[in-house]
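The block underneath contains the structure these notes are about, expressed in structure tokens.
The values are calculated or read from the model by the stated rules, or taken from the named source; none is laboratory data. Keep in mind that this is a model prediction, so the values were computed, not measured. So basically every Cβ, Gly included, is an ideal-geometry build from the backbone, and we count neighbours across all protein chains shown. SASA here: full protein model, heavy atoms, side chains in, ligands and nucleic acids out. Shrake-Rupley method; radii C 1.70, N 1.55, O 1.52, S 1.80 Å.
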Amino acid sequence: MTIPPMKQALWKVRTPSKPSAGPEWMSYSFLAEAEKCPRAAFLKYSDYEQLWDRPGYPQRPNAAALAGSVVHSAAEKILRQLIADGVNTTRSTAAAQSMRSLGGFSAVLSTAFEKTVEKEAANPRFTEFELTLRKQIEARMPRMREALQEILADRQLLASPGSAAGASWPRRGDHQRRSLSPGTHFEVELRDTILMWRGRVDMLTLSEEGCSISDIKTGQPDDSHRLQLQIYALLWGADSDLNYRETPVIGLQIGYGAGVTAVEVPTQDESSVLRADLLKRTLQIRQELSLPIVPAKPCPSNCGYCQVKLLCDDFWTVAPTMATPADRFRHLELILTHQESDSVWVATTTSLKADSQKREVFIKRPSEGVAFWRELTPRSTLRLTDATVTYGQPDEKPLISITAFTEPLVIPPEL
């Protein structure tokens, strides 16, 4: 596999090349992220052409999230094959035969993981952690196999008449949008052209009785999942292209590892209230994203797993108040003063105290070296996520160590 060269080092890029006021089409996932912290959504979904050719800021890999994505992809692959083989339930001899033709659960999971890695080849944050992620996914594979089996248990399917795996539905990238035929369809994008909302449904089944919408979740049950399914029902009712015959929704289901959970189908009045609420929330968040300074909401729950904390000045203002000396990994902002040796810099920081008093520290380079180390200069600001702090004697400077999980951002001194 050939990895495209990075245009510019990740640790040099601080601002977007093309700021974004939000997507043209709103979605539930974006709205939820933006309401949680508008600044994070702004930074995450703006473009960084100096880094790569894809939209948004590169996603930092996470073994748990990656495992969930792989399980989700594997489940869809298996369900597509079952429908193509004319299987109408996952608990049947025919389903077992279809699974054998795919090579079994482990083979499908391995293929799904390799495809995921291939898609992430251009991601500068992914390539740094690929070897570590491979080891972590390999260790998780037995549990991933169990989760896949649990998700697929007792699934009912409906093939499109005269087609395999709902073949009448155009694949992603096909811009034709036409009325769906009876059967089970995957990855269906629903749109409301008035509300300017869209949502991608994992699995949608049309029958003579009506429309059933299912979503596959690899995490724990959450109330937000129910709202997401009800929004899908709203979008299906408004999508005059795919739902030309105005077929009603008769069922909403969420597939968890522990089984399928039914979600109440909203009534017409409830849908009207939901639609008005989404419109209000959409207008509010678009206004916030269009401000000269997009507001940030730094707090432990928002910043803990934030993908763009390196770029957010507000985070580094409050970061010292979020950490405790017991934290194994720390997020630190340092001002470099001078280089002690080839492998050690001296810096000052307020990130180790909540009272904003500067403290001198040593920063140690890993034995294998790091790319940004050669370009450090006095008076530069160095931001480090997931570094470690070692305290010696009271009169000794704390030692900051760069770990395998540390990500840096170097801000040159102002002239």
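For the range 70-135, the solvent-accessible area of protein heavy atoms averages 48 Å² per residue (probe radius 1.4 Å; ligands and nucleic acids excluded). Our summary gives the range 177-282 a relative contact order of 25 percent, counting only alpha carbon pairs under 8 angstrom and 6 or more residues apart. Each residue, LEU102 and THR324, gets one label point 7 Å from its Cα in the Cβ direction; the gap between the two is 4.4 nm.
Under 28 Å between alpha carbons, and skipping anything fewer than 8 positions from LYS77 in its own chain: which lysines qualify? Output for LYS77: LYS115, LYS119, LYS135, LYS217. Rounded to the nearest 0.05, what FRET efficiency do LYS297 and VAL260 give with R0 = 30 Å and r taken as the Cβ-Cβ distance? Could you check? About 0.30, to the nearest 0.05. If you run the Gaussian network model on the chain, springs between alpha carbon atoms under 10 Å, then out of ASP386, ASP277, ASP47 the most flexible one is ASP277. Using every pair of separate Cα atoms, the Kirkwood estimate puts the hydrodynamic radius of the chain at 24.2 angstrom.
Rounded, prolate or oblate: which fits the range 331-390, taking a ≥ b ≥ c as square roots of the Cα gyration tensor eigenvalues, rounded meaning a/c under 1.5, else prolate when a/b beats b/c? The shape class here is prolate.
Extension gain, LYS280 to LEU131: 0.36 nm times the residue separation minus the Cα-Cα distance gives 49.1 nm.
Take the convex hull of the alpha carbons in the range 79-149; its mean projected area over all directions comes to 5.4 nm². Label positions at THR111 and SER224, each projected 7 Å from the Cα along the C-beta direction, are separated by 3.2 nm. FRET efficiency for the VAL344 to GLU35 pair, using the beta carbon distance and R₀ = 45 Å, is estimated at 0.55. Label-to-label distance, LYS358 versus GLU414, with points set 7 angstrom from Cα along the beta-carbon direction: 1.5 nm. If you take every residue apart from PHE126 with its C-beta less than 13 Å away from the C-beta of PHE126, what net charge results, scoring Lys and Arg +1 and Asp and Glu -1? Once positives and negatives cancel, what remains is 0. The amide H of ILE216, built 1.01 Å from its N in the peptide plane, has ASP202, GLY255 as neighbours under 5 Å, considering only residues 5 or more places off or on other chains. So, R0 is 25 Å and r is the distance between the beta-carbons of TRP25 and GLN268; what FRET efficiency does that work out to, to 0.05? The calculated FRET efficiency here is 0.55. Stretched out straight at 0.36 nm per residue, the stretch from ASP53 to THR381 would grow longer than its current Cα-Cα span by 115.3 nm. Counting Cα-Cα pairs of the range 274-325 in 5 Å increments starting at 0 gives whole-percent bin shares of 4, 17, 21, 17, 17, 13, 6, 4, 1, 0. Counting only DSSP H runs of at least 4 residues, each contributing -39500 (n - 2.57), and dividing by the residue count of the chain, the helix-based mean residue ellipticity at 222 nm comes to -11000 deg cm²/dmol.
Checking the a/c ratio against 1.5 first, then a/b against b/c, what shape does the Cα gyration tensor give for the range 33-127? Cα axes put the range 33-127 in the prolate bin. Ligands, DNA and RNA left out, the 1.4 Å accessible surface of the chain is 51% carbon and sulfur atoms.
Which net charge results for the neighbourhood of PRO266, defined as the other residues with beta-carbon distances under 13 angstrom from its beta-carbon, given Lys and Arg at +1 and Asp and Glu at -1? Counting the neighbours of PRO266, the net charge comes to -2. Spatial offset of the range 84-139 relative to the range 47-81 amounts to 13 Å, using the alpha carbon center of each.
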